[in-house]
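The values are calculated or read from the model by the stated rules, or taken from the named source; none is laboratory data. Predicted model only: the values in this text are computed from it and were never measured. Backbone-built Cβ (ideal geometry, glycine too); neighbour counts: all protein chains shown. We work out accessible area using only protein heavy atoms, side chains counted, and drop any ligands, DNA or RNA first. Shrake-Rupley method; radii C 1.70, N 1.55, O 1.52, S 1.80 Å.
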Amino acid sequence: MELYIDTANLDEIKQAADLGVLDGVTTNPSLIAKEKIDYGKRLAEICAIVKGPVSAEVIAVEYSAMLQEGRERAKIASNIVVKLPSTVDGLKACKALSDEGIKTNMTLCFQGLQAMMVAKAGAFLVSPFIGRLDDIGQEGMDLIHQIRTIYDNYGFKTKILAASIRHTEHMLRCALAGADVATVPFKVIMDCMKHPLTDIGVEKFLSDYKKAFG
Ligand code: E4P
């Protein structure tokens, strides 16, 4: 499974990139708002650090405005992926941008048919939001399974990018379900390498060694 970091914070991106296993970055307007910085400027900074796909979301909600904004975002760097909402206007913009050779990430996907439609429109990525479905009492992981089945049934090449991941259990279950990519907050990336028995084991090996050899 590919690993993206879900943040617009440069320190977090640098630290995650230093691990050597980071494949890409996703941003959204809320994440940029936290950083209080110009969106285009921050995207250029991120693309200078990470060479894999960097998702840049449009603010527009209407088809022609989305197209125009998507084209502008795509000029920032060759690894920009234009992130569009999974709406009717977003679907049309996805088709138009894909036909122009611009990669898209269809975000805010909450049901299997949205994923099927955007795949037909040529989306590079689809982002099902697991955590937000859990928040309203639905099983977010079911959506990942549904999309995997639909895409495998018909050979769609769109990658499933599991999003709105809140903890390592989500991430583990995404890997087991065959998600192509997970976009994950910095803390959850770091949690992937934590287990109390690992720490206890390291301490025990060290103390046994010191006892024997000083
Ligand atoms: C994905 O690209 C989104 O930025 C993100 O995963 C949303 O997660 P949230 O539900 O924690 O805001």
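Key figures
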| read-out | value |
| --- | --- |
| Inter-part distance where segment 19-95 and segment 130-147 are each reduced to a Cα centre, Å | 24 Å |
| Filter on K157/K187; K83/K159; K36/K95; K92/K157; K14/K34; K51/K187 - keep pairs with C-alpha separation over 20 Å | K157/K187; K36/K95; K51/K187 |
| Residue-normalised accessible area of segment 152-214, expressed per residue, 1.4 Å probe, Å² | 68 Å² |
| Label point 7 Å beyond Cα of R132 along Cβ direction - residues of segment 1-31 with amide nitrogen under 20 Å | 4-9, 25-31 |
| Sulfur and carbon atoms: percent of accessible area, the chain [1.4 Å] | 57 percent |
| Segment 121-214: chymotrypsin sites (Phe, Trp or Tyr not before Pro) falling in loop per DSSP and having at most 15 other Cβ within 10 Å | none |
| Total charge dipole magnitude, segment 101-214, about the Cα centre, Cβ charges on Lys, Arg, Asp, Glu only, Debye to nearest 20 | 340 debye |
| Rg(Cα) / (2.2 N^0.38 Å) computed for segment 19-62, rounded to two decimals | 1.21 |
| P(r) histogram, all alpha-carbon pairs of the chain included - 5 Å bins from 0, percent | 1, 7, 15, 17, 19, 15, 10, 5, 3, 3, 2, 1, 1, 0, 0 |
| Placed amide H near C109: partners under 5 Å, 5+ positions off or other chain | S127, F129 |
| List M193, M66, ordered by accessible area with a 1.4 Å probe, largest first | M193, M66 |
| Hits among lysines - C-alpha to C-alpha of K210 under 30 Å, sequence gap 8 or more where chains match | K194 |
| 1.4 Å probe accessible area per residue over segment 1-125, in Å² | 45 Å² |
| Magnitude of the charge dipole, the chain, Cβ model with Lys/Arg +1 and Asp/Glu -1, debye to 20 | 280 debye |
